[in-house]
Amino acid sequence: GIADWKDVLVTAGLVRSMLGISPDAWTKARETMGDLVACVVVAAILERAEEIRAPGGYLRALTARAEAGQFTLRPMLAALERGRDAEI
């Protein structure tokens, strides 16, 4: 189970490797977005894994947007919520 934020980070690291996201891309995302946001992004990528052909490339693109100040979680989370509503 996940008991604290350290567990969230460890779990996101495991999911990252399962998705084929390189350690370098993960480190850069964490440095740029912060650990919590990077974890949420990996969880969102996992949620849409069937639709994302290159999870590592997608994370790198989002990281580049974050570096440029053009990335926030709100639209990503809203898209996940809309997808969930469509399934109900």
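Of note:
- Verdict on Ile21 being more than 21 Å from Ala78 (Cβ to Cβ) and touching a Ser or Thr at 6+ places or on another chain (Cβ under 7 Å): no
- Hey, Ala25 in contact with a Gly (Cβ under 6 Å, 6 or more places away or on another chain) and in a helix (DSSP H, G or I) or not: yes
Condition check ((1) in contact with a Pro (Cβ under 6 Å, 6 or more places away or on another chain); (2) in a loop (DSSP other than H, G, I, E, B); (3) at pLDDT 95 or above) across all residues:
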{"residue": "Gly1", "(1), (2), (3)": "no, yes, no"}
{"residue": "Lys6", "(1), (2), (3)": "no, no, no"}
{"residue": "Met18", "(1), (2), (3)": "no, no, yes"}
{"residue": "Ile52", "(1), (2), (3)": "no, yes, no"}
{"residue": "Leu59", "(1), (2), (3)": "no, no, yes"}
{"residue": "Ala66", "(1), (2), (3)": "no, no, yes"}
{"residue": "Leu80", "(1), (2), (3)": "no, no, no"}
{"residue": "Ala86", "(1), (2), (3)": "no, no, no"}
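- Candidates Gly20, Gly69 - the one that is open to solvent by 30 Å² or more (accessible area, probe 1.4 Å), under 13 Å from the mean Cα position of the chain (by Cα) and at positive phi: Gly20
- Only a single criterion out of (1) under 13 Å from Leu19 (Cβ atoms); (2) out of contact with any Ser or Thr (no Cβ under 7 Å at 6 or more places or on another chain) is not satisfied by Gly56, namely (2).
- Restricting attention to the stretch 27-42, the residues being surrounded by 15 or more Cβ atoms within 10 Å (Cβ to Cβ), within 20 Å of Asp4 (Cβ to Cβ) and small (Gly, Ala, Ser) number 1.
The values are calculated or read from the model by the stated rules, or taken from the named source; none is laboratory data. Just so it is clear, the structure is predicted and the values come from calculations on it, not from any experiment. Heads up, the Cβs are rebuilt from the backbone with ideal geometry, glycines too, and the neighbour counts pull from every protein chain shown. Heads up: the accessible areas ignore ligands, DNA and RNA and are worked out on the full protein's heavy atoms, side chains in. Shrake-Rupley method; radii C 1.70, N 1.55, O 1.52, S 1.80 Å.
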